[in-house]
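Peer 1: Have a look at the structure that comes next, please.
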Amino acid sequence: MMREIIYSLPEQIREAAGSVPERLFRNRVYDNALICGMGGSGISGEIAAALYPQVRITVNKDYLVPGFVDKKTLAILVSYSGNTEETLANYGQLLRRGIDMVLISSDGKLHKKKAGRKIKVPAGLPPRGALGYLFTPLPMIMRRANLIPRDPRRELQELAAFLAGQRDRIEEMARGLAPGFAGRLIILYADSAAFVPVANRWRCQLNENAKVFAHYNVIPEMNHNEIVGLGRPEKFNPDTSVIFINDPLSHPRNRTRRRLLKSLIGNELPAIVEISPKGKNVMQHMFWAIMLGDFVSYYLALEQGVDPLPVVRIEELKRKLAGHRQKIDKR
Ligand code: F6R
């Protein structure tokens, strides 16, 4: 089932691109957006923030919303289940501050809230498998709120068509790559700010689908710290894979940094893989690479004999937390 879910990303995007109501807002003028959400829901906000660097978008992944948030802020709360307590805590604070909110969920408590404009996405998926439904409304909402200048619908439709044309090849590539990562520690490097959410998505999907630990960082920042510790302790090096997820539009200096880094670490960490995304714009590059990572995590799960669907520890922790009665909203 997870394979079909991953495969359905283009359809999700196509469907969701037509689902945001034309009239979402009164005449309020916004100058920034706050996108709240955790895990498989919150990553949609990270992707949106990376795609629209010209807009002030803050992604919030904690109980408290930042102090700067005011009436000029449009808040978008994303929770697939609608029951994530951090996001629900954000709702309460935003409501008290009188902030306009759009609530994206498939159901749950968030969907039953009185305030806020609601966008309902189809239920029955693991949240991380609903990325198309959760991400696509974000540019649409930001357009309706006048935060971005151009209607993104065409670009989203083109993205869906592009991915639909690429997905068999992407899947094939993932099937070839995944066995090489079995039983190994995976370190992911992005070479631009735009690709940080892509590397993060790879990490999350490797964590949740393949049930393995993975780490990510970004060039150039990691050149100033992590580069020194990379490959230490040495005993893990024979079992470590380094994956560079290359942004075709990254700064040329970052590309040079990547090449130099590779030659610096190549002797100690020889298992290096480079991913070169396809596409004609940054949105296509990002989602091409995301789809590849999703499929890699799926085939790695199969390779290692684990079921990609259940995320037992997440559920267990949520259950245990529910048993701890604490005042969540401190303010
Ligand atoms: C599960 C997953 C998780 C959830 C997260 C928040 O597939 O990806 O990271 O997304 O625990 O839950 P929701 O998305 O329901 O707000």
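Peer 1: Looking at the range 122-172, which of the residues that are closer than 22 Å to Phe295 by Cα and of a type in the set (Asp, Glu) is farthest from the ligand (Cβ to nearest atom)?
Peer 2: Among those residues, the one meeting the criterion is Glu158.
Peer 1: If you don't mind, there's one more thing I want to ask. Taking the condition closer than 30 Å to Pro53 by Cβ and within 16 Å of the ligand (Cβ to nearest atom), does Ile328 pass? Before the answer, list the steps.
Peer 2: Numbers: closer than 30 Å to Pro53 by Cβ: no; within 16 Å of the ligand (Cβ to nearest atom): yes.
Answer is no for this residue.
Peer 1: Another one. Under 9 Å by Cβ, and 6 or more places apart or on different chains, what pairs join a residue from the range 10-25 that is among the hydroxyl-bearing types (Ser, Thr, Tyr) with one that is assigned to a helix (DSSP H, G or I)?
Peer 2: Qualifying pairs under 9 Å: Ser19/Tyr133; Ser19/Pro137; Ser19/Met140.
Peer 1: Same structure, new question: Do any residues in the range 302-327 that are farther than 14 Å from Glu86 by Cβ and part of a loop (DSSP other than H, G, I, E, B) have Cβ atoms under 6 Å from those of residues that are modelled with pLDDT of 95 or more and away from the ligand (no atom under 16 Å from the Cβ), where the two are at least six apart or on different chains, and which pairs are they?
Peer 2: Filtered contacts from the range 302-327: Gln304/Ala182.
Peer 1: Also: Just to verify a result, which residue in the range 66-84, among those that are of a type outside the set (A, V, I, L, M, F, W, C) and near the ligand (Cβ under 9 Å from one of its atoms), is surrounded by the fewest Cβ atoms within 10 Å (Cβ to Cβ)? Spell out the reasoning first.
Peer 2: The first filter runs over the range 66-84 and keeps only residues of a type outside the set (A, V, I, L, M, F, W, C), leaving 66-67, 70-73, 79-84.
Those left that are additionally near the ligand (Cβ under 9 Å from one of its atoms): 79-84.
On the way: Ser79: 31, Tyr80: 29, Ser81: 19, Gly82: 25, Asn83: 16, Thr84: 25.
Looking at the filtered set, the residue picked out is Asn83.
Peer 1: Give the range 296-329 a look and list any residue that's under 17 Å from Gly39 (Cβ atoms) and among the hydroxyl-bearing types (Ser, Thr, Tyr), or say none.
Peer 2: Ser297, the sole residue that qualifies.
Peer 1: Give me a count of the residues in the range 99-115 that are more than 15 Å from the ligand (Cβ to nearest atom) and outside any strand (DSSP E or B).
Peer 2: Total satisfying the criteria: 3.
Peer 1: Within the range 70-93, track down each residue that is closer than 23 Å to Val196 by Cβ and outside any strand (DSSP E or B).
Peer 2: Ser79, Tyr80, Thr84, Glu86, Thr87, Asn90
Let's see how each residue does on (1) surrounded by fewer than 16 Cβ atoms within 10 Å (Cβ to Cβ); (2) at pLDDT below 95; (3) in a helix (DSSP H, G or I):
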| position | (1), (2), (3) |
| --- | --- |
| Ser19 | yes, yes, no |
| Leu24 | no, yes, no |
| Val29 | yes, yes, no |
| Leu34 | no, no, no |
| Ser41 | no, no, yes |
| Ser44 | no, no, yes |
| Ile47 | no, no, yes |
| Val55 | no, no, no |
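Peer 1: Sticking with this one: Would you confirm whether any residue within the range 152-167 is more than 30 Å from Arg26 (Cβ to Cβ), of a type in the set (Lys, Arg) and part of a helix (DSSP H, G or I)?
Peer 2: yes
Peer 1: Now for a different question. Select from the range 196-255 the residues that are within 16 Å of the ligand (Cβ to nearest atom) and polar (S, T, N, Q) and list them in ascending order.
Peer 2: Residues satisfying the conditions are Asn200, Gln205, Asn207, Asn209.
Peer 1: Exactly one condition in (1) at pLDDT 95 or above; (2) touching a Lys or Arg at 6+ places or on another chain (Cβ under 7 Å); (3) of a type outside the set (Phe, Trp, Tyr); (4) away from the ligand (no atom under 16 Å from the Cβ) is not met by Ile13; state its number.
Peer 2: (2)
The values are calculated or read from the model by the stated rules, or taken from the named source; none is laboratory data. Note that this is a predicted model, so its numbers are computed, not measured. Please note: Cβ atoms are built from the backbone with ideal geometry, for glycine as well, and neighbour counts cover all protein chains shown.
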